[in-house]
Amino acid sequence: MGDKRTFFHIRDKDGFYAEGSIKTTPGRVERFLSDFGPSLVAFEVGTHSPWVKDLAESLGHRTIVANPRRLRLISENDRKTDRADAKYLACLAQLNPDLLAPIHHRSRETRAAIMMLGIRDGLVQARTQLINACRGMVKPFGKKLPDCSTGSFHKKALEEIPKELKPVLSPALGAIKELTGRIQQMDRKLAKLVAKNYPEVAHLQQVPGVGPVTSTAFVLIVEDPPPLREEPKGRILCGSGAQDGPIGGP
């Protein structure tokens, strides 16, 4: 699936049925998939695969999100084209879906929350770059800006900037102030989201050095951890003999 066009290859029980391409837009993809009854839809993981998966399943189709890194037939094909990739995906899905090394997309809610963390990280990086730029620009003038928290930098730095540099650096300090406010807003939204939907984050923050951002990122990335396995009890086979009771018993 490309940003502009998506190539398809359709097979039925008798083999090849049709192939072609459509525009990669939600409306066009929905019209295309609506022309078929419940089917198996396979596509490579990528930027568009999450919404295509959601759309296809809402129309009653089964989906497979293929991992091309596990498929040398696709990733290392000397004559790799979008049309050829679509054909290989269809053939493998029809033969044995497990050959596509299917992956699981996170839920829409989780993806949105992860995006919030990503945007916050971008704001923090932008603020850090501006602060470092301000610190470096005043050094040739024999000045050193005070050590302080990033949240208070725009206030304390203004007092130490040389007079001739204030017209130059004032816009940067204003941007730093704005970024700080935006970051604080996102932190409050994130705290509300976590308190409502991810109570397990609070347990992770009991670990020394683990803050709200790190713990939230961990929970969102793991999303649905497997259940803890209880210690097996009863009859346990060990080699050629058998043992009654819990592991470690006499």
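We did not get these values from a lab; they are worked out from the coordinates using the rules stated. Everything numeric in this text was worked out from a predicted model, so none of it was measured. As a convention, Cβ positions derive from the backbone with ideal geometry for all residues, glycine included, and neighbour counts pool all protein chains shown.
May I ask you to list the residues in the stretch 111-133 that are without any contact (Cβ under 8 Å) to a residue 40 or more places away in the chain and under 21 Å from Leu165 (Cβ atoms)?
Thr128, Gln129, Asn132, Ala133
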In the stretch 107-154, anything of a type outside the set (Ser, Thr, Tyr) and not in a helix (DSSP H, G or I) is listed as Gly142, Lys143, Lys144, Leu145, Pro146, Asp147, Cys148
Going through (1) under 12 Å from the mean Cα position of the chain (by Cα); (2) of a type in the set (A, V, I, L, M); (3) at positive phi one by one, Met115 fails only at (3)
Original post:
Could we say that Ser152 is among the small types (Gly, Ala, Ser), out of contact with any strand residue (DSSP E or B) (no Cβ under 8 Å at 6 or more places or on another chain) and touching a residue at least 24 places away in the same chain (Cβ under 8 Å) here?
Top reply: no
Over the stretch 1-13, the set of residues over 18 Å from Pro102 (Cβ atoms) and either in a loop (DSSP other than H, G, I, E, B) or among the aliphatic types (A, V, I, L, M) (or both) is Gly2, Asp3, Lys4, Ile10, Lys13
Of Thr47, Thr81, Thr128, the only residue that is hydroxyl-bearing (Ser, Thr, Tyr) and surrounded by 13 or more Cβ atoms within 10 Å (Cβ to Cβ) is Thr128
Per the filter on the stretch 14-55, residues without any contact (Cβ under 8 Å) to a residue 24 or more places away in the chain, in contact with a strand residue (DSSP E or B) (Cβ under 9 Å, 6 or more places away or on another chain) and assigned to a helix (DSSP H, G or I) are Arg28, Arg31
Per the filter on the stretch 90-106, residues without any contact (Cβ under 8 Å) to a residue 60 or more places away in the chain and over 27 Å from the mean Cα position of the chain (by Cα) are Leu95, Asn96
